[in-house]
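Chemist: The following block contains the structure, expressed as structure tokens.
Since every read-out is calculated from the coordinates, none of them should be taken as a lab result. Source: prediction; values computed, not measured. Please note: Cβ atoms are built from the backbone with ideal geometry, for glycine as well, and neighbour counts cover all protein chains shown.
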């Protein structure tokens, strides 16, 4: 993949999630987003289906292609979130949600936080929406209502994949109903902010905030890269002084 370039004068907007947390939104972020969609369409064989974690397909993006985006995160996002500009580590994927609700694993039906690599580092995530149909959904941010039980369910799942479902069914009525993507408040968490999708919109946020893809119409999901819910995801591990 060629270098992914961003527009030189981004319009940076900040949206509060809670009193102590926020996300950053930048519209018209990439100079040529259509080229990334075209890359996905012509390199479908490079995408791998995920059995756990992400409910769809992923493709690694070469670090060299992300130099412009990494420079933006280092120079601009470090001002918005006050992390050190040095020692920033990034991992980038192209991803597309494809699973129908009935095929979701138990924890894929919930919001989540991104686990920290080390106690002295924090995780941030940035994503670019690369689809025209805004009805495919954006990103929801939440506040836990039942954090301890979700941590227990996650521990069960890590020890034995598939084992968390019975635990979740015992404690939450929502798990005794038909599976669905999380796209609103429920027994587990309260929806605080829904950032709508928009083609070539970049959203950057702390991985410590519970979040998930906000997909209210999963019947619109597609395996066609020209039509599906394709995103460019950049996971960033930073160090604080």
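Chemist: Helix-only mean residue ellipticity at 222 nm, the chain, DSSP H runs n ≥ 4 weighted -39,500 (n - 2.57), per residue, nearest 500. What is it?
Modeler: The helix contribution divided over the chain gives -4500 deg cm²/dmol.
Chemist: With an 8 Å cut-off on Cα pairs and a minimum separation of 6 or more residues, tell me the relative contact order of region 29-116 in percent.
Modeler: After rounding, I find 33 percent.
Chemist: Calculate, for residue 226 and residue 12, the FRET efficiency according to 1/(1 + (r/R0)^6) with r their C-beta to C-beta distance and R0 41 Å; round to the nearest 0.05.
Modeler: It comes out at approximately 0.90.
Chemist: Starting from the eigenvalues of the Cα gyration tensor, five times each then square-rooted, give me the equivalent ellipsoid semi-axes of region 1-52, largest first, whole Å.
Modeler: 29, 20, 7
Chemist: Radius of gyration and Dmax for region 97-167's Cα atoms, expressed in Å?
Modeler: Rg and Dmax of region 97-167, Cα atoms, are 14.8, 39 Å.
Chemist: Here is a follow-up. Please work out the C-alpha center-to-center distance from region 162-181 to region 59-118 and express it in whole Å.
Modeler: For region 162-181 versus region 59-118, the Cα centre distance is 27 Å.
Chemist: Against the longest alpha carbon principal axis of the chain, how many degrees, from 0 to 90 and to the nearest 10, is the axis of helix 33-42 turned?
Modeler: Taking the Cα atoms of the chain, the angle to 33-42 is about 60 degrees.
Chemist: If one takes the longest principal axis of the Cα atoms in the chain, at what angle in degrees, from 0 to 90 and to the nearest 10, does the Cα axis of helix 147-159 lie?
Modeler: Here the helix axis deviates by roughly 90 degrees.
Chemist: What's the exposure ranking of 214, 22, going from fewest to most Cβ atoms within 10 Å?
Modeler: 22, 214
Chemist: If you bin the C-alpha pair distances of region 78-207 every 5 Å from 0, what whole percents do you get?
Modeler: Binned Cα distances yield the sequence 2, 8, 16, 19, 20, 17, 12, 5, 1, 0.
Chemist: Take every Cα pair under 8 Å in region 151-209 that's 6+ residues apart, average their separations, divide by the length, and report that relative contact order as a whole percent.
Modeler: This gives 16 percent for region 151-209.
Chemist: Could you give the semi-axes, largest first, of the ellipsoid that matches region 160-237, computed as the square roots of 5 times the alpha carbon gyration tensor eigenvalues and rounded to whole Å?
Modeler: Here the semi-axes work out to 26, 17, 14 Å.
Chemist: To continue, here is another question. Test of understanding: express the Cα radius of gyration of region 47-100 as a ratio to 2.2 N^0.38 Å, with N the residue count.
Modeler: Relative to the 2.2 N^0.38 Å estimate, region 47-100 comes out at 1.43.
Chemist: On to the next question. For the chain, what is the relative contact order in percent, using Cα pairs closer than 8 Å and at least 6 residues apart in sequence?
Modeler: 32
Chemist: Residue 239 to residue 121: extension gain in nm, 0.36 nm per residue of separation minus the Cα-Cα distance?
Modeler: This chain segment gains 42.0 nm when fully extended.
Chemist: Further question on the same structure: Cut-off is 10 Å between beta-carbons; in what order do 49, 139 appear when sorted fewest neighbours first?
Modeler: Ranking 49, 139 by Cβ neighbours within 10 Å, fewest first, gives 49, 139.
Chemist: Now for a different question. Provide the three semi-axes, in whole Å and in decreasing order, of the ellipsoid equivalent to the chain as defined by the square roots of 5 times the Cα gyration tensor eigenvalues.
Modeler: For the chain, the ellipsoid semi-axes come out as 28, 22, 17 Å.
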